[in-house]
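**Student:** To start, I am sharing the structure in question, which I have written as structure tokens.
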Amino acid sequence: MSEETVVTPLPYSDVLPGAVLAEETDLDGTSLVVAADKLPELARHLRDVEGLDLLSNLTAVDYFGYKGRTAEDRFEVVYHLFSTEKGGGPTVLRVRLPENNPVLPTLVDVYRGADLQEREAYDLFGIRFLGHPALRRILLWEGFHGHPMRKDWQEPYYEAESKPFKSRHPDGNYAWAEDRNPWGSNVQYPDGFDPLTWQEPVSQIPLQSHAGNGASGMLKTDRLIVNMGPQHPSTHGVFRMIVELEGETIMALEPEMGYLHRNHEKIGERNTYLMNMPYTDRLDYISSMSNNLAYAIAVEKLLGEEYAPTERAEYIRVIMAELTRIVNHLFSVGTFLNDLGAFFTPLLYAVRERELILDMFEAVSGSRMMCNYLRFGGVARDLPDGWLEQCKDLVFKRLPGKIEELTTYLTGNEILQERCIGVGYLSPQDAINLSCTGPQLRGSGVAYDIRRAEPYSIYDRFEFDIAAFNGCDVYSRFLVRMEEMRQSVRILEQALKQIPEGPIQSPKGQGSYVVRPPVGTVYGRIESPKGELGFYLVSDGSGNPFRYRVRPPSYINLNALGPMSIGNKVADCVIILGGIDIVLGEVDR
Amino acid sequence: MAENTSTTGVAPEELSDNILITTVDSVYNLARSFSLWPMTFGLACCAIEFIVAGTARYDMSRFGMEVARPSPRQADLLIISGTVTKKMVVPIVRLYNQMAEPRYVISMGACATGGGPFKEGYNVVSGIDKFLPVDVYVPGCPPTPEALIHGFITLHKKFKTQSVRTVPWYRKSYTGETPIPALGPDIIDTNPDALKRVRDVNMTRLMASRAAAAPQISLGDADTIVLRNPGLTADLTGWTLQSSASEQTYHFPAGFVLMSDGEVRVHTGPGATSSSAGDIVWTTEAALGGDGEKISLVNAEGAAVSVIEYEATTA
């Protein structure tokens, strides 16, 4: 009896006894350790009763060799749930799995947005999700040997567990990776593999076809499968879609990706924390400053109060992030019009303004695109003389007029409206359930913006409106982007007026090239131009992140591509994809 | 014939001020260098700078380069603008094969040239020149549009060094086919030389790992031990099986050979019989599996090669 009075009951033990095994406190708040078999039930309860409707981040961690972990709980699948209604921080679920049989039930039935992320966890970690409709490799190809994100899997150019590598010290003798590898290039084969007798397996991509309504009139038509990509001018890079058509109507659409999978996360776990900063630039390479900001926020959360950025640095960060948003939306709108068939002219108009902003970036960071400007606790350099005046000139005098100019030419344009209104319908419920964020979600009328829902940096000081339109179609997403540019200008105007003088780096962050955060996990996220950009970090107390996970918005927004396209014409899937606004560097990482 | 020779070298009077004498090569190279059509083909970050090079500020149409074609059949120039991954190099080589000669390749940026910051990645090809011939390398991460335009001009200069008479693509024997790599356990370069090299390395490694491996024992079903040889064929003359508890030793007979990948079962206990040829009966006195009992396989030099240990069952 006395024991029962001491123990506080675990959360949800009244509705689902035995579902939550433990409650843990971390740097980031509390998280719940969940029994694998009760996970779908608990998730359904959290979604329907507790209002946690957005499964934002789903990832796996391999705790191989981590202090205090054994083969029994080597793998961990982590879920970050949010409420679009109430906002606020995440509810974190953790499911621990043994080394020999990492299997757990899928959440696709509860959150359809889990689809792509579960496939990724399967591909990179070998964790199997029972009941997943098509659990196959996503970033790599069928037949690839091993699951590369496992800690005991070593890449062909493996040198050491973590950087800086000994061999690269100035006095050491540097050995080329090619020379160390027996095959002389970036490959490795299992023992005994004979390429001369090996035959390429035939891999099939399953299509989940719609039955169709059979209403194609008097004509009897066959179904046709069309492959678009990875080299296709409309796919904004190396993205591939397999489309099944009945006449011109899309009956099934299966995205294929991984053609730009450049192992960001594996490299990130070898790097020190600061070394990852330039790599984040190359995630969403249109908006590098935003990526820097998300990563800096996550690491600062891990490092604690001493690394909190200074006042001036916060303003500089907001200015850069909002300029980035304008850059991204200009480019997005420009290429979107390209997809519509207005070849290059709208893009020329959009890129003209973008170039002016890139010049501002180049002045502060030295590079047009890959800025690598933010540091933990501040920014790398102060603004050069005259930069603020030039920026004010741009923001107060030029940009508002130019955004209106684009609006005049485009928003009311009849062809654009004809092509976009009603195309790519995505209901608000579906948008949330498919884990969509950013303009994709707000274009379905859900006013969910992390700058308001869970304010980071100093966004709570600025006045701006959340741009949301409830047309639920491609046109609404376009309108969201146009409106967000206006709101960004509003934020910029306030920030440029208020920016104080002062140091640009917290004293602790000054010149700290190797930081050693305390043991723990954090999830830091921002509203990047494409949606929720999050970084999930696991620290083991060393100078390198133990797990470095990027929650890429454009990858997860692709969950909705298939559902949105079915029933539309084949020409429309191009603009539906353009409306999602993907960047392959972020999709494939 | 005689009439013809008399008029060569003398132009009609009305044309005498309008004739320029030059070489075929100059005309050929001038014409094609200013109508070079790049393929609309973007891989990663560098592709954005490639697009921007075509916009008003940089305006690559000044060099006759702006007619970007989405189809490889109509394009002369393949710009590898970004990181080449193993998954993507297969379509890239296929696209290159579809282009008509003369065709050129610009490797744009650090990744395409040598893997760049992502070189150590497991899915990254360290340089497109491992698969395709590259004409111009443009450094940078990403190269600015100016740098890319400088690459174009460098390519134009390369044209001037080529002659119709010596270029390979007008020769009869020339096919220009590049073998398309395949995706196996890792990327496979299907060039015959590369294939043979991979095979040789793999076989050497396999033999080395076999040579390093020694026979192993493991628990079989009731009262048996399985002796397996993952390595090369081994002669077990002088080897023994020793038990820590009952202090019994089994001596392998002279000339006992275990084949590579071979397996024999060692039976113990009162009912032990050799059920098939090659199986061994160690002892019929006592069954194995006492508390904490250790069975070791000891080689001719007296070193324990493989040990199995029974769990101690506490009453």
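Rule-based calculations on the coordinates, nothing more; no lab input. These numbers come from a predicted model, not from an experiment. Positions of Cβ are generated from backbone atoms using ideal geometry, with glycine treated the same way; all protein chains shown enter the neighbour counts.
**Student:** Can you compute the helix-only [θ] at 222 nm over chain A? Use -39500 (n - 2.57) per DSSP H run of at least 4 residues, normalise by all residues, nearest 500 deg cm²/dmol. All intermediate terms of the calculation are to be shown ahead of the outcome.
**Tutor:** Values: 20 runs with 201 residues, N = 589.
Only helices count here, giving -10000 deg cm²/dmol.
**Student:** Take the alpha-carbon centre of the range B:11-35, take the same for the range B:81-103, and report the distance between them in whole Å.
**Tutor:** Centre-to-centre distance over Cα atoms comes out at 36 Å.
**Student:** Could you give the DSSP H helices of chain A that reach 15 angstrom or more along their long axis (alpha carbon positions) and whose average Kyte-Doolittle hydropathy is no lower than 0.5? Walk me through the numbers on the way to the answer.
**Tutor:** Working: long enough: A:114-125 (16 Å, -0.78); A:288-303 (22 Å, 0.63); A:311-340 (44 Å, 0.36); A:345-365 (30 Å, 0.43); A:399-410 (16 Å, 0.02); A:474-498 (36 Å, -0.36); A:570-580 (16 Å, 2.34).
The answer, listed by residue number, is A:288-303, A:570-580.
**Student:** Would you list the membrane-span-like helices of chain B, meaning whole DSSP H runs whose alpha-carbon atoms span at least 24 Å along their axis and whose mean Kyte-Doolittle value is at least -1.0? Mind dumping the intermediate values first?
**Tutor:** Values: long enough: B:192-212 (30 Å, -0.40).
Counting only whole DSSP H runs, the qualifying helices are B:192-212.
**Student:** Let's see if you can work this out: charge +1 on each Lys and Arg Cβ, -1 on each Asp and Glu Cβ, no other charges. What is the dipole magnitude of chain A about its Cα centre, in debye to the nearest 20?
**Tutor:** Numbers: 59 positive and 81 negative charges, 164 e Å.
With only Lys, Arg, Asp and Glu charged at Cβ, the dipole is about 780 debye.
**Student:** Using just the Cα positions, wrap the range A:2-130 in a convex hull and report its mean projected area in square nanometres, one decimal place. Display every interim value, and only then the final one.
**Tutor:** Values: hull surface 35.4 nm².
Dividing the Cα hull surface by four gives the mean projection, 8.9 nm².
**Student:** Label points 7 Å out from Cα along the Cβ direction at A:Ile205 and B:Lys172: separation in nm?
**Tutor:** 4.4 nm
**Student:** If you add up the charges near B:Thr204, with Lys and Arg at +1 and Asp and Glu at -1, over every other residue whose beta carbon is less than 13 angstrom from its beta carbon, what do you get? Spell out each step's value before the answer.
**Tutor:** Details: positive: B:Lys196, B:Arg197, B:Arg199, B:Arg205, B:Arg210; negative: A:Asp191, A:Asp194, B:Asp200.
Result for the local shell: +2.
**Student:** Go through A:Leu426, A:Ile326, A:Leu303 and say which Cα lies farthest out towards the positive end of the charge dipole of the range A:267-558; charges sit on Cβ, +1 for Lys and Arg, -1 for Asp and Glu.
**Tutor:** Projecting each Cα onto the dipole axis, the largest value belongs to A:Leu303.
**Student:** Check the range A:267-558 and count each lysine pair with an alpha-carbon distance under 25 angstrom, considering only pairs eight or more places apart or from different chains. Write down the numbers at each step before the final one.
**Tutor:** Details: A:Lys301/A:Lys508; A:Lys301/A:Lys530; A:Lys392/A:Lys402; A:Lys392/A:Lys497; A:Lys397/A:Lys497; A:Lys402/A:Lys497; A:Lys402/A:Lys530.
Eligible lysine pairs with Cα atoms under 25 Å apart amount to 7.
**Student:** Another question about this same structure. Give me log10 I(q)/I(0) at q = 0.13 Å⁻¹ for the range A:267-558, Debye formula, one equal scatterer per alpha-carbon, no solvent.
**Tutor:** Listed by q, the Debye log ratios stand at -0.89.
**Student:** So if R0 is 25 Å, what FRET efficiency would B:Ala56 and A:Lys397 give, r being the distance between their Cβ atoms, rounded to the nearest 0.05?
**Tutor:** 0.75
**Student:** So what is log10(I(q)/I(0)) for the range B:18-196 at q = 0.17 1/Å, when the Debye sum runs over its Cα atoms only?
**Tutor:** For the range B:18-196, the Cα-only Debye profile gives -1.10.
**Student:** Taking the Cα centre of chain B as origin, work out the dipole magnitude from +1 charges on Lys and Arg Cβ and -1 charges on Asp and Glu Cβ, in debye rounded to 20. Intermediate values should be presented prior to the final figure.
**Tutor:** Numbers: 25 positive and 32 negative charges, 276 e Å.
Computed about the Cα centre, the dipole is about 1320 debye.
**Student:** Can I ask one more? Listed here are the pairs A:Lys151/B:Lys119; A:Lys266/A:Lys569; A:Lys38/A:Lys266; which of them are more than 28 Å apart at the Cα?
**Tutor:** Long pairs (Cα-Cα over 28 Å): A:Lys266/A:Lys569; A:Lys38/A:Lys266.
**Student:** Counting GluC sites (Glu not before Pro) as exposed when in a DSSP loop with at most 12 other beta carbons within 10 Å, what is the longest stretch of chain B free of them? Write down the numbers at each step before the final one.
**Tutor:** On the way: sites that count: B:Glu177, B:Glu247, B:Glu285, B:Glu301, B:Glu311.
Between exposed loop sites, the widest span is B:1-176.
**Student:** What whole-number distance in Å separates the alpha-carbon centres of the range A:264-333 and the range B:128-172?
**Tutor:** 36 Å
**Student:** Choose one of A:Gly511, A:Gly534, A:Phe469: the residue whose Cα lies farthest towards the positive end of the charge dipole of the range A:418-573 (beta-carbon charges +1 Lys, Arg; -1 Asp, Glu; about the Cα centre).
**Tutor:** A:Gly511
**Student:** By the scheme Lys and Arg +1, Asp and Glu -1, what is the net charge of all other residues having a beta-carbon under 15 Å from that of B:Ser71?
**Tutor:** Working: positive: B:Arg69, B:Arg73, B:Arg94, B:Arg103; negative: B:Asp76.
Taking every other residue near B:Ser71 into account, the sum is +3.
**Student:** For the range B:39-133, what are the per-bin percents of Cα-Cα distances with bins 5 Å wide, up to the bin holding the maximum?
**Tutor:** Taking all Cα pairs of the range B:39-133, the binned fractions are 3, 14, 24, 24, 18, 11, 5, 1, 0 percent.
**Student:** Putting +1 on Lys and Arg Cβ atoms and -1 on Asp and Glu Cβ atoms, find which of B:Pro133, B:Phe159, B:Pro145 reaches farthest to the positive end of the dipole of the range B:18-196.
**Tutor:** The Cα lying farthest towards the positive end belongs to B:Phe159.
**Student:** Would you mind estimating how fast the range B:83-151 diffuses translationally, via Stokes-Einstein at 10 °C and 1.306 mPa s with the Kirkwood radius over Cα pairs, in µm²/s?
**Tutor:** Working: Rh = 12.3 Å.
Translational diffusion coefficient: 129 µm²/s.
**Student:** Please compute the Cα-Cα pair-distance distribution of the range A:223-275 with 5 Å bins starting at 0, giving whole percents from short to long.
**Tutor:** 5, 18, 17, 15, 13, 9, 8, 7, 4, 3, 1
**Student:** Please arrange A:Trp176, A:Trp198 by counting, for each residue, the other beta carbons lying within 10 Å of its beta carbon, fewest first. The partial results should precede the final answer.
**Tutor:** Numbers: A:Trp176 10, A:Trp198 17.
Least crowded to most crowded, the residues run A:Trp176, A:Trp198.
**Student:** In the neighborhood of B:Leu183, defined by Cβ-to-Cβ distances under 12 Å, what is the net charge if each Lys or Arg adds +1 and each Asp or Glu adds -1? Please report the intermediate quantities before stating the final value.
**Tutor:** On the way: positive: A:Arg137, B:Lys86, B:Lys87; negative: A:Glu142, A:Glu200, B:Asp186, B:Asp189.
With Lys, Arg at +1 and Asp, Glu at -1, the neighbours total -1.
**Student:** For chain A, what are Rg and Dmax over the alpha carbons, in angstrom?
**Tutor:** In order Rg, Dmax, the Cα atoms of chain A give 24.3, 79 Å.
**Student:** How large is log10 of I(q)/I(0) for the range A:455-589 at q = 0.19 Å⁻¹ when the intensity is taken from the Debye formula with one equal scatterer per alpha-carbon?
**Tutor:** -1.21
**Student:** If Rh is defined by the Kirkwood formula over all Cα pairs and Rg also comes from Cα, what ratio Rg/Rh do you get for the range A:79-131? Intermediate results must be reported in sequence, preceding the final value.
**Tutor:** On the way: Rg = 12.6 Å, Rh = 12.4 Å.
Reported Rg/Rh, Kirkwood definition of Rh: 1.02.
**Student:** Nearest 0.05, what FRET efficiency do B:Ser16 and A:Phe343 give at R0 = 45 Å with Cβ-Cβ as r? Intermediate values should be presented prior to the final figure.
**Tutor:** Details: r = 47 Å, r/R0 = 1.05.
Working from the Cβ atoms, E equals 0.45.
**Student:** Let me ask another. Please arrange A:Tyr279, A:Tyr513, B:Tyr310, A:Tyr122 by how many other C-beta atoms lie within 10 Å of their C-beta, fewest to most. Provide the component values of the computation, followed by the final result.
**Tutor:** On the way: A:Tyr279 23, A:Tyr513 11, B:Tyr310 16, A:Tyr122 20.
With the fewest neighbours first, A:Tyr279, A:Tyr513, B:Tyr310, A:Tyr122 line up as A:Tyr513, B:Tyr310, A:Tyr122, A:Tyr279.
**Student:** Full extension from B:Glu309 to B:Ile180: what is 0.36 nm times the residue separation minus their Cα-Cα distance, to one decimal in nm? Walk me through the numbers before you get to the answer.
**Tutor:** Values: separation 129, 0.36 × 129 = 46.44 nm, distance 5.22 nm.
Gain in length upon complete extension: 41.2 nm.
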